[in-house]
Amino acid sequence: MKYKFILIIGLAVGISCESTKKTEEVRVVQEENIDVPKFNGDSAYFFVEKQLSFGYRIPGTNAHFQTGDFLVKSLESRGAEVTEQKFEAETWDGQKVPLRNIIGSFFPEKTKRILLAAHWDSRPFADKDPISPEMPMAGANDGASGVAVLLEIARNLALSAPENVGIDIIFFDGEDWGEAISTGYIEPAPGYESWWCLGSQYWSKNKHKPNYSAYYGILLDMVGAKNSKFYVEGLSQRFAPKVVDRIWGMANKLGYGSIFINSKQGEITDDHYFVNNIARIPMVDIVHYDPVYGYFGDYHHTLKDDIDIIDKNILQAVGQTVQHVIYYEK
Ligand code: AHN
Ligand code: ZN
């Protein structure tokens with residue numbers, strides 16, 4: 001009743017204003033009705049630290065195994081129905097490693113699904129590091145940041161459900177064991193299109209539920225570094241232009257317009273490439289782009305990618321934006 005009244009006033013005031021202003025006022029009144037939980041940047045930051053505390057999350061290692069178990073337990077503790085998709089994959093340097101995609105389904109009875117994803121493995125070598133290209137790297141931003149934002153969203157999903165959609169959180173494994181800079185391109189293993197993104201390729205061909213699909217997906221990759229900017233990644237624009245508009249529009253409305261820049265950049269091969277191309281689910285990649293350095297940033301695949309490049313305000317901007325998109329979904 002109260003909202004109807006405000007709506008009428010809004011329309012009446014709108015008549016004397018220019019038409020664009022009028023629609024804005026009506027829309028704001030309607031959206032105030034929806035309760036979006038507060039995304040806590042401190043909590044998300046803690047989830048980055050927690051992942052790093054296990055050690056390097058390199059497939060086949062004990063730290064990787066323990067991190068995986070932690071992620072399964074976290075999703076279960078938030079009330080999700082969890083599927084562990086275990087398989088073995090070959091790497092370009094001749095190893096056979098056990099991989100595990102971890103899927104948490106929230107409100108499985110809802111038919112309209114939104115898919116949120118990030119990769120949980122870390123790269124076995126910091127091949128772009130000028131001093132130690134063979135050392136393993138922490139991957140605070142490359143991997144842990146996206147997972148941390150999703151763990152914080154999961155915490156909120158346990159407290160309140162979006163009205164119109166169910167949510168599937170997928171932690172993809174084996175994203176970051178692609179060829180080293182020093183080796184260059186190597187022909188992929190049979191059945192794969194790339195040495196990168198092994199988990200998302202596997203899932204896209206073997207979904208956790210045979211007829212699974214989603215209305216759309218959002219991938220988070222490198223979403224926590226200081227001074228991050230999120231430009232529109234080219235494949236996302238090509239495959240999911242409406243979702244791009246929704247995310248960048250929402251970020252702008254929330255006051256994050258200086259972080260989410262609505263300008264298109266090049267296309268990159270990331271987990272969303274396979275979800276778009278093989279699973280045929282329109283998926284957007286929110287990923288750091290540096291206008292000077294290019295995609296990712298100067299810390300990328302170096303030993304600099306550790307906890308001290310993480311900014312909880314960036315995690316918060318991304319998390320709050322994604323939450324608004326899913327809680328407002330019609
Ligand atoms: C390329 O380097 C072309 N794709 C890998 C994307 C990536 C690596 N995301 C995180 N690490
Ligand atoms: Zn990487």
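Before moving on, here are some points about what is shown:
- Boolean, TYR256 is farther than 28 Å from ASN211 by Cβ and within 14 Å of ligand 1 (Cβ to nearest atom): no
- Residues of the range 80-108 that are touching a strand residue (DSSP E or B) at 6+ places or on another chain (Cβ under 7 Å), surrounded by fewer than 16 Cβ atoms within 10 Å (Cβ to Cβ) and assigned to a loop (DSSP other than H, G, I, E, B): PRO108 alone.
- The residue pairs whose first member lies in the range 163-184 and is among the polar types (S, T, N, Q), whose second member is more than 16 Å from ligand 1 (Cβ to nearest atom), and whose beta carbons are closer than 7 Å, counting only pairs six or more residues apart or on different chains, are ASN164/LYS112; ASN164/GLU329; ASN164/LYS330.
- For the range 193-209, the candidate set comprises residues that are of a type outside the set (S, T, N, Q) and under 17 Å from the mean Cα position of the chain (by Cα); within that set, the residue that is most open to solvent (accessible area, probe 1.4 Å) is TRP196.
- Contacts under 8 angstrom Cβ, first residue in the range 61-79 being closer than 16 Å to ASN101 by Cα, partner open to solvent by 10 Å² or more (accessible area, probe 1.4 Å) and assigned to a helix (DSSP H, G or I), 6 or more apart: PHE70/LYS50
- Residue that is surrounded by the most Cβ atoms within 10 Å (Cβ to Cβ), among those in the range 157-192 that are of a type in the set (A, V, I, L, M, F, W, C) and within 13 Å of ligand 2 (Cβ to nearest atom): PHE172
- Matching residues in the range 253-309 - criterion: being more than 15 Å from ligand 2 (Cβ to nearest atom), in a loop (DSSP other than H, G, I, E, B) and in contact with a Ser or Thr (Cβ under 7 Å, 6 or more places away or on another chain): LEU254, TYR256, ILE259, ILE278, ALA279, ILE281
The values are calculated or read from the model by the stated rules, or taken from the named source; none is laboratory data. Since we're looking at a predicted model, the values are computed, not measured. All Cβ positions, glycine included, derive from the backbone under ideal geometry; neighbour counts span all protein chains shown. Each accessible area value is taken on the protein alone, full model and side chains, heavy atoms only, with ligands, DNA and RNA left out. Shrake-Rupley method; radii C 1.70, N 1.55, O 1.52, S 1.80 Å.
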